[in-house]
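To keep things clear, I will list the structure first and then write my remarks on it.
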Amino acid sequence: MTATQNIPTPAQPARRSRAKPFPWKTWQPYLLAAPQTIVFLLFLVLPIAAIVTVSFWNFNGFAMTPGFTLNNYLGIFTSKVYLSTYLNTFKFAFLVWSVCLLISYPVAYFLAFHIKNPKWQTIWFLICTVPFLTSNIIRMISWIPFLGREGLINNALMGLHLTQKPVEIFLFSDFSVVLAMVHLYALFMVAPIFNSMVRIDRNLVSAAEDAGASPFQIQKEIILPLSAPGIAIGSIFVVTLVMGEFATMRIMSGGKSSSVGYLIKNQLDSLQYPMAAANAVVLLIIALIIVFSILRVVDIRKEL
């Protein structure tokens, strides 16, 4: 036996198995987004999925049965009543959008460019929001004493001998519907346009004035293009709200006009859930097409 064999070797230290730590930094963005994702799935995705599912169910006039049928959608696109209702909805959406834009743009321009003090800009903007502190129903009903046959407008016209009898067009007509909707949704157009105009660099306007540009040229070449994102956001708000409106249509038209929202409400009251769901899906698709069309034309990311 050699000498080297008699030398004891030191014991090898035992290797400790360590568990890998949880990668908190990797999962942190997902954990932060989890609550919003859950709320989004529970209160938006799942309800829409349920509506889409019910839209393919059968309805025999008394009860609905689970299944798959395209009769609900075929009934929408082949019925003149449904098509005229959709056209009527588009008509009101266009009229209300046009009037809101014609009113809101000058108001926003006045607040942004003619009131120099930011404090007074805020005060006047808050004054514009005062009517919106009440409910929609109260604001709608408040027009009836003005527009009715015995209302203030008709009394004033007859008192001035401009007409011999009350004018019927003011109440329970398309005019009253558009007027009430403009009153309800004008602020949704004023606010984003005002927000866009406030961000416009005033040096651009001053440079254009020094270069001899007319007020119309300044509006066309500077203010209007830079206000386009605000106009787009306001248009999305107004159009989508009007297309889903049903209470204003019922009250202010006196039942003489109809919209898709009012149609869906009546179908729900009569328990025609599959047909109501089909109309809701079609209306949602049309609204999304309008929104995506606006987003393709105007980039609103600067306003978000």
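The values are calculated or read from the model by the stated rules, or taken from the named source; none is laboratory data. On a predicted model such as this, the values are computed, not experimentally measured, just so you know. Counting neighbours? That spans all protein chains shown, and the Cβs are built from the backbone with ideal geometry, glycine included.
Evaluate the following for F62: is it at pLDDT below 90 and either touching a Ser or Thr at 6+ places or on another chain (Cβ under 6 Å) or not in a helix (DSSP H, G or I) (or both)? It is true that F62 is at pLDDT below 90 and either touching a Ser or Thr at 6+ places or on another chain (Cβ under 6 Å) or not in a helix (DSSP H, G or I) (or both). Figure legend. Inter-residue proximity from region 170-198: first residues at negative phi and among the polar types (S, T, N, Q), second residues surrounded by 21 or more Cβ atoms within 10 Å (Cβ to Cβ) and in a helix (DSSP H, G or I), beta-carbon distance below 6 Å, spacing 6+ or different chains. Indicated pairs: S176/L147; S176/M252; N195/G230; S196/S227; S196/P229; S196/G230. Pairing each residue of region 40-55 that is touching a residue at least 60 places away in the same chain (Cβ under 8 Å) and surrounded by fewer than 11 Cβ atoms within 10 Å (Cβ to Cβ) with any residue that is assigned to a helix (DSSP H, G or I) and not aromatic (F, W, Y), provided the two are 6+ apart or on different chains, yields no C-beta distance under 9 Å.
Identify all residues within region 195-214 that are in a helix (DSSP H, G or I) and out of contact with any Asp or Glu (no Cβ under 9 Å at 6 or more places or on another chain); write none if there are none. Hits for region 195-214 are M197, V198, R202, N203, L204, V205, S206, A207, E209, D210. The condition of being in contact with a Phe, Trp or Tyr (Cβ under 6 Å, 6 or more places away or on another chain) and not aliphatic (A, V, I, L, M) holds for F237. A247 versus (1) in contact (Cβ under 8 Å) with a residue 24 or more places away in the chain; (2) buried (at least 18 other Cβ atoms within 10 Å of the Cβ): which is the lone unmet condition? So the condition that A247 fails would be (2). Of the residues making up region 171-187, those that are closer than 12 Å to M252 by Cα and small (G, A, S) are S173, S176, A180. All conditions but one from (1) at pLDDT 85 or above; (2) in contact with a His (Cβ under 9 Å, 6 or more places away or on another chain); (3) not β-branched (V, I, T) apply to P131; the one that does not is (1). Restricting G75, G67 to residues that are loosely packed, with under 11 Cβ neighbours inside 10 Å and either in contact (Cβ under 8 Å) with a residue 24 or more places away in the chain or touching a Phe, Trp or Tyr at 6+ places or on another chain (Cβ under 7 Å) (or both) narrows the list to G67.
For region 95-137, a residue qualifies if it is in contact with a helix residue (DSSP H, G or I) (Cβ under 8 Å, 6 or more places away or on another chain), part of a helix (DSSP H, G or I) and more than 30 Å from D174 (Cβ to Cβ), and the qualifying residues are L111, A112, F113, Q121, W124, F125. None of Q217, Q164 is loosely packed, with under 15 Cβ neighbours inside 10 Å, without any contact (Cβ under 8 Å) to a residue 40 or more places away in the chain and outside any helix (DSSP H, G or I) except Q164.
Taking region 167-188 as the search range and keeping residues that are assigned to a helix (DSSP H, G or I) and in contact with a Leu (Cβ under 6 Å, 6 or more places away or on another chain), which one is modelled with the lowest pLDDT?
F170
Could you look through region 130-146, keep only residues that are touching a residue at least 12 places away in the same chain (Cβ under 8 Å) and aliphatic (A, V, I, L, M), and pick out the one that is farthest from L179 (Cα to Cα)? Per the criteria, the residue is I137. Within region 151-161, the set of residues being outside any helix (DSSP H, G or I) and touching a Pro at 6+ places or on another chain (Cβ under 7 Å) comprises just one member, G151. Among the residues that make up region 242-262, is at least one of them within 22 Å of the chain's Cα centre (by Cα), part of a helix (DSSP H, G or I) and over 30 Å from V130 (Cβ atoms)? Scanning region 242-262, I find at least one residue that is within 22 Å of the chain's Cα centre (by Cα), part of a helix (DSSP H, G or I) and over 30 Å from V130 (Cβ atoms), so the answer is yes.
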